[in-house]
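> Provided herewith is a single structure, encoded as structure tokens, for subsequent inquiry.
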Amino acid sequence: MLREKLNNDLKEAMKAGDKLKVSTIRLITSAIKSADIEARPSGKTEIDEGGIVNVMTKMVKQRRDSVEQYVAGKRQDLADKELGEIAIIEAYLPKQMDEAAMKAAISRAIAETGAATPKDMGKVMGALKAAYAGQMDFGKAGGIVKELLK
């Protein structure tokens, strides 16, 4: 479904002459194809929707890092281009959870996995990543999980 949406949006952006959107969607589809190729040894021909979300999440993270470097290097023109790409990529990602929803989801995951000590953090994080890929900032979630498992 996401692949089809990307292809349709690429055609629309090409018709509209939106160069930034065309180049960004091409970057996304290229990254997805690379991930498809990497998945072949495990017997998959294509990554699933969750895999596509993970690819795009990594792309956003890379661009955020680049923005910081460009701003520090006083290259606002390049930072603005990266910010434009981030906005386009994020339009395809599921809506991010707010902190209250994240805490509720983490509490449910702790209860479901039976986690009781900080040693069980891996089980909880695994359950969260399986259920909320692309919807949750796992960096923040890790801190909350540690706090709740003390």
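The values are calculated or read from the model by the stated rules, or taken from the named source; none is laboratory data. On a predicted model such as this, the values are computed, not experimentally measured, just so you know. FYI the Cβ positions are ideal-geometry reconstructions off the backbone, even for glycines, and counts take in every protein chain you see.
A quick yes/no check of all residues on (1) surrounded by 12 or more Cβ atoms within 10 Å (Cβ to Cβ); (2) at pLDDT 95 or above:
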{"residue": "V22", "(1), (2)": "yes, yes"}
{"residue": "I25", "(1), (2)": "yes, yes"}
{"residue": "S30", "(1), (2)": "no, yes"}
{"residue": "T45", "(1), (2)": "no, no"}
{"residue": "K58", "(1), (2)": "yes, no"}
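> Follow-up. Working only within segment 131-150, note down all residues that are touching a residue at least 40 places away in the same chain (Cβ under 8 Å) and not β-branched (V, I, T).
Result: A133, G134, Q135, M136, D137, K140, L148.
> Ok, one more. Output the qualifying pairs, or none if there are none: Cβ atoms under 8 angstrom, residues six or more apart or on different chains, first residue in segment 92-119 and free of Cβ contacts under 8 Å to residues at least 60 places away in the same chain, second residue part of a helix (DSSP H, G or I) and among the aromatic types (F, W, Y).
M97/Y132; A105/Y132
> Of the conditions (1) closer than 24 Å to Q135 by Cβ; (2) free of Cβ contacts under 8 Å to residues at least 60 places away in the same chain; (3) crowded, with 19+ Cβ neighbours inside 10 Å; (4) more than 12 Å from the chain's Cα centre (by Cα), L83 fails just one. Which one is it?
In the conditions (1) closer than 24 Å to Q135 by Cβ; (2) free of Cβ contacts under 8 Å to residues at least 60 places away in the same chain; (3) crowded, with 19+ Cβ neighbours inside 10 Å; (4) more than 12 Å from the chain's Cα centre (by Cα), L83 misses (3) alone.
> Further question: Pick from T24, T45: which is in the same structural domain as D9 (by TED's automatic domain parsing) and either in contact (Cβ under 8 Å) with a residue 12 or more places away in the chain or closer than 28 Å to A141 by Cα (or both)?
Result of the check over T24, T45: T24.
> Among the residues of segment 117-126 satisfying the criterion of being part of a helix (DSSP H, G or I) and over 24 Å from the mean Cα position of the chain (by Cα), which is surrounded by the fewest Cβ atoms within 10 Å (Cβ to Cβ)?
Across segment 117-126, the extreme among qualifying residues is K119.
> Looking only at residues in segment 88-101 that are surrounded by 14 or more Cβ atoms within 10 Å (Cβ to Cβ) and modelled with pLDDT of 90 or more, which one is farthest from L148 (Cα to Cα)?
The residue in question is I88.
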